[in-house]
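Only one structure is covered here, and it is reproduced in the block below.
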Amino acid sequence: MPEKAVMKRAKRDLRRGEAPSTAAGEFVREEMHHIREGKHGAASSKQAIAIGLSKARRAGIPLGAPKRAKASTRRSARQASAAGRRRSKRPAAQTRSRAARRALRRQPRRAASHRALATQARKAARRRGPAARSRAAKKAAATRKRRAAAEA
C-alpha cells in the first residue's frame, strides 16, 4: 500500500492538471526510495519503474496500458487499473503476495542507483525520436507557463 504522503502528492498533481504519468511518477519515486533503503530490490531499473506504475494504477491513477508492450504486460496493466477502479480493495492472495515479496528481497539494490536510472532515462529518450522529445519539451514549457500564471 502506498504511503499517505505519496497519495496526497499524486492527487495534488492531478488536481493541478498534470498528466497522469506525472502523478504516477510519485509512486515510482517511492519505489526507488524503498529499494535504496533496503526494503527490497529489483532486477533492473525497468522493473522498479514497472512496480511503481503498477502501484499507481492500483491507487486509482488513470494510467492506460502501454500501447507498445507485450500482451502479458498490457493485461497486467489493465488488471491493475481495474483494481484501482474497484471500490473494495481486495488484497492479493496472501501466498502469492508473500512469494513476490520474498523474490524481490533476493534481488540486487543497484537497480535504483543514480547511475542505473540515468542510463535508463538516456535509453528511453533515445528510443523516442527528436520530434517526440521536442513535443515533450514544448509541453513542459507550456505547463511551466500555466503554473506561473496560476501562482501570480
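The values are calculated or read from the model by the stated rules, or taken from the named source; none is laboratory data. No experiment lies behind these values; they were computed from the predicted model shown. When we count neighbours, we look across all protein chains shown, and the Cβ atoms used for this are built from the backbone with ideal geometry, even at glycine.
What to note about this one:
- Within region 65-109, the set of residues being more than 24 Å from Pro20 (Cβ to Cβ) and in contact (Cβ under 8 Å) with a residue 12 or more places away in the chain comprises Arg101, Leu104, Arg105, Arg106, Gln107, Pro108, Arg109.
- Failed item in (1) surrounded by 12 or more Cβ atoms within 10 Å (Cβ to Cβ); (2) without any contact (Cβ under 8 Å) to a residue 12 or more places away in the chain; (3) within 27 Å of Lys8 (Cα to Cα), with Lys55 passing the rest: (2)
- For Ala111, the stated conditions do not hold, so it cannot be described as touching a helix residue (DSSP H, G or I) at 6+ places or on another chain (Cβ under 8 Å) and modelled with pLDDT under 90.
- Residue selected from region 1-13 under the condition surrounded by fewer than 16 Cβ atoms within 10 Å (Cβ to Cβ) and hydrophobic (A, V, I, L, M, F, W, C), by the criterion nearest to the chain's Cα centre (by Cα): Met1
- Odd one out for Leu63 among (1) under 22 Å from Ala140 (Cα atoms); (2) over 10 Å from the mean Cα position of the chain (by Cα); (3) of a type outside the set (Asp, Glu): (2)
- Within region 1-20, tally of residues that are within 18 Å of Gly64 (Cα to Cα) and either at pLDDT below 85 or aromatic (Phe, Trp, Tyr) (or both): 0
- Exactly one residue out of Ala142, Ala100 is out of contact with any helix residue (DSSP H, G or I) (no Cβ under 9 Å at 6 or more places or on another chain), of a type in the set (A, V, I, L, M) and surrounded by 13 or more Cβ atoms within 10 Å (Cβ to Cβ), and it is Ala100.
- Residues in region 14-32 that are over 11 Å from the mean Cα position of the chain (by Cα) and free of Cβ contacts under 8 Å to residues at least 40 places away in the same chain were compared, and the one that is surrounded by the most Cβ atoms within 10 Å (Cβ to Cβ) is Ala19.
- A Cβ distance below 9 Å, combined with a sequence gap of six or more or placement on separate chains, defines the contacts here; from region 134-152, residues that are at negative phi reach residues that are of a type in the set (Ser, Thr, Tyr) in the pairs Thr143/Thr22.
- Residue that is nearest to Ser44 (Cα to Cα), among those in region 1-33 that are of a type in the set (A, V, I, L, M, F, W, C) and outside any helix (DSSP H, G or I): Met1
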